[in-house]
Amino acid sequence: MDPLMRAFGASEASLPLAKDYAFWMFVAALANLPAQSMNCAARAESSVKISSVAVIIGAFLNVILDPVFMFDWGFNMGVEGASLATTISQFVTFFILVWFYASGRSIIKIRAKAFHLTWGLIKTVALIGIPTAVIQICLSVASFFTNIAAASLPQSDEIIAAYGVVQRLVLIACYIVMGFMQGYQPVASYSFGAKDEDRFRESVRFALKGSLLLTVLVAGIYILLSRPLILLFNQNPVIVDFGKWLLISQVALYPAFGLCYMMTITYQTIGASRYGLFLSVIRQGLFYLPFILVLPKLLGVRGIYFSQPAADILTILVCIASIKPMKATAAKKMKNL
């Protein structure tokens, strides 16, 4: 665990806290990963109610348990308590979904004898899932290199702490957009498979407008309330100041994320998985990494502030240039179905 935490930018001061938090998060993965799979299967069979109930109960329980485990009037476990509360909550979500499938209420039945892996099945699932997975991996990789860049600057602990808060806020925004896109994808896929070009184009236009509206709304709220939002997590004035400007820089051109993710999903839908994979890596991978590796060395903490907007400008340009080819590819592939 030590080398892993250090690789992600933990200093001598923050390493013990990082390890305390990480231990229970690794344990939580034993429940979180299968729970996500069962959750997706439940939504696929239109059992949206149990999917929502499982997630909401887990989240609500997490909110209740956090202070109980963290503070001195409870178990006084500090950061480790927050992690343990999350772990318990995720196991509760997991067991709710296990109950749903074990009770026979689901349309999809989980049986050991039904597991017959074939190369064709693995390939189909992977081609659909890889671009979304790559987007999330790139978010983690971007955080990794941002922490490394911050670790070499004065007041590195404060910058890293501020960036941690900002990442939590940005992830909330990411999940909102991803949730919207998960609703868009099956509509577009069914329309494309049915060769209903009008319905497909209508869903694409709706998703494009919806993603841009959501991201503009999120960016506006985060920019206007940047300081109060950081204060919800930390009252250290140095961290609050760094956090405010980090948050503004992360969302200043946030529509780039919505546009890029929407187009990635659409290219997946029409079977152009290679270009979808390319789009999934450009924002936080191909464009962001060179900036975060170079600009902080030249500009200090301002280099961190400027890295995301610079990457977002290039992302928007590539996505705009990809709209016309996307329409042509979709029309061609639909005729060949």
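The values are calculated or read from the model by the stated rules, or taken from the named source; none is laboratory data. For clarity, every value in this text was computed on a predicted model and none was experimentally measured. We place every Cβ from the backbone using ideal geometry, glycine too, and count neighbours over all the protein chains shown. Each accessible area value is taken on the protein alone, full model and side chains, heavy atoms only, with ligands, DNA and RNA left out. Shrake-Rupley method; radii C 1.70, N 1.55, O 1.52, S 1.80 Å.
Compute the signed sum of charges (Lys and Arg +1, Asp and Glu -1) over the other residues within less than 13 Å, Cβ to Cβ, of Val53.
On the way: positive: Arg43, Lys49, Arg105; negative: none.
In short, +3.
In whole Å, how far is the Cα centre of region 101-124 from that of region 235-252?
Using only Cα atoms, the two centres lie 46 Å from each other.
Which helices, counted as full DSSP H runs in the chain, have an axial Cα extent of no less than 18 Å and a Kyte-Doolittle average of -0.5 or above? Don't jump to the answer; show the numbers that get you there.
Values: long enough: 15-44 (41 Å, 0.63); 48-70 (33 Å, 1.88); 78-102 (36 Å, 1.28); 119-151 (45 Å, 1.58); 156-193 (51 Å, 0.87); 197-224 (40 Å, 0.76); 237-251 (21 Å, 1.16); 255-269 (21 Å, 0.60); 301-336 (52 Å, 0.44).
Qualifying helices, which must be both long enough and hydrophobic enough, are 15-44, 48-70, 78-102, 119-151, 156-193, 197-224, 237-251, 255-269, 301-336.
Nearest 0.05, what FRET efficiency do Phe115 and Asp157 give at R0 = 56 Å with Cβ-Cβ as r? Before the final figure, lay out each step's value.
Numbers: r = 47 Å, r/R0 = 0.85.
Efficiency at R0 = 56 Å is approximately 0.75.
Give me the lysines in straight-line cross-link reach of Lys297: C-alpha distance below 23 Å, same-chain residues under 8 apart excluded.
Correct list for Lys297: Lys244.
What are the lysines whose alpha-carbon lies under 21 Å from the alpha-carbon of Lys333, with same-chain residues fewer than 8 places away excluded?
Lys123, Lys195, Lys324
If you split all Cα-Cα distances of region 204-337 into 10 Å bins from zero, what percentages do you get per bin, shortest first?
P(r) over region 204-337, rounded to whole percents: 12, 34, 31, 16, 6, 1, 0.
Evaluate E = 1/(1 + (r/R0)^6) for Val125 and Asn76, where r is the Cβ-Cβ distance and R0 equals 45 Å; express this FRET efficiency to the nearest 0.05.
Details: r = 45 Å, r/R0 = 0.99.
Efficiency at R0 = 45 Å is approximately 0.50.
Taking springs between alpha-carbon atoms closer than 10 angstrom, which of Trp119, Trp245, Trp99 fluctuates most in the Gaussian network model of the chain?
Comparing Trp119, Trp245, Trp99 in a Gaussian network model of the chain, the most mobile one is Trp119.
Dipole size in debye (nearest 20) for the chain around its Cα centre, Lys and Arg Cβ +1, Asp and Glu Cβ -1? If you can, show how the numbers build up before the last one.
Details: 26 positive and 15 negative charges, 334 e Å.
Using only the charged Cβ atoms, the result is roughly 1600 debye.
Give the accessible surface of region 286-336 per residue, rounded to a whole number of Å², with probe radius 1.4 Å and ligands, DNA and RNA excluded.
Working: 2820 Å² over 51 residues.
Averaged over the residues of region 286-336, the accessible area is 55 Å².
Which chymotrypsin sites (Phe, Trp or Tyr not before Pro) in region 43-82 sit in a loop by DSSP (not H, G, I, E or B) and have at most 14 other Cβ atoms within 10 Å of their own Cβ? Display every interim value, and only then the final one.
Numbers: sites: Phe60, Phe69, Phe71, Trp73, Phe75; in loops: Phe71, Trp73, Phe75.
For chymotrypsin sites (Phe, Trp or Tyr not before Pro) across region 43-82 that sit outside H, G, I, E and B with at most 14 neighbouring Cβ atoms in 10 Å, the list reads Phe71, Trp73.
Pick from Phe115, Phe26, Phe291: which is most flexible by mean-square fluctuation in a GNM of the chain where alpha carbon atoms under 10 Å apart are linked?
Comparing Phe115, Phe26, Phe291 in a Gaussian network model of the chain, the most mobile one is Phe115.
Please label the shape of region 1-159 as rounded, prolate or oblate, based on the square roots a ≥ b ≥ c of the eigenvalues of the alpha-carbon gyration tensor (a/c under 1.5 means rounded; beyond that, a/b larger than b/c means prolate, else oblate). Can you show the working numbers first?
Numbers: a/c = 2.76, a/b = 1.45, b/c = 1.90.
Oblate is the answer for region 1-159, as a/c is 1.5 or above yet b/c matches or exceeds a/b.
Please report the carbon-and-sulfur percent of the accessible area for the chain; probe 1.4 Å, protein heavy atoms only, DNA, RNA and ligands left out. Don't jump to the answer; show the numbers that get you there.
Details: 12560 of 17860 Å².
Answer for the chain is 70 percent, counting heavy atoms of protein chains only.
Could you state the principal axis extents of the C-alpha atoms in the chain, from the largest down, to the nearest angstrom?
The principal-axis extents, from largest down, are 59, 51, 36 Å.
Evaluate the Debye formula for region 110-262 with equal point scatterers sitting on the alpha carbons, no solvent, and hand back log10 of I(q)/I(0) at q = 0.10, 0.12 Å⁻¹, in q order, two decimals.
-0.50, -0.67
Would you compute, for the Cα atoms of region 132-218, the largest minus smallest coordinate along each principal axis and list the three values in descending order, in whole Å?
Projected onto its principal axes, the Cα set of region 132-218 covers 57, 25, 14 Å.
Given 0.36 nm per residue, what is the gain on full extension from Gln182 to Val68 after removing their alpha carbon distance, in nm?
On the way: separation 114, 0.36 × 114 = 41.04 nm, distance 3.42 nm.
Length difference between fully extended and current span is 37.6 nm.
Please give, to one decimal in nm, the separation of the simple spin-label points placed at Arg199 and Leu15, each 7 Å out from Cα toward the Cβ.
Distance between label points: 5.8 nm.
Please report the net charge: other residues with Cβ closer than 14 Å to the Cβ of Ile130, K and R +1, D and E -1. Provide the component values of the computation, followed by the final result.
Details: positive: Lys123, Arg274; negative: none.
Residues near Ile130 contribute +2 overall.
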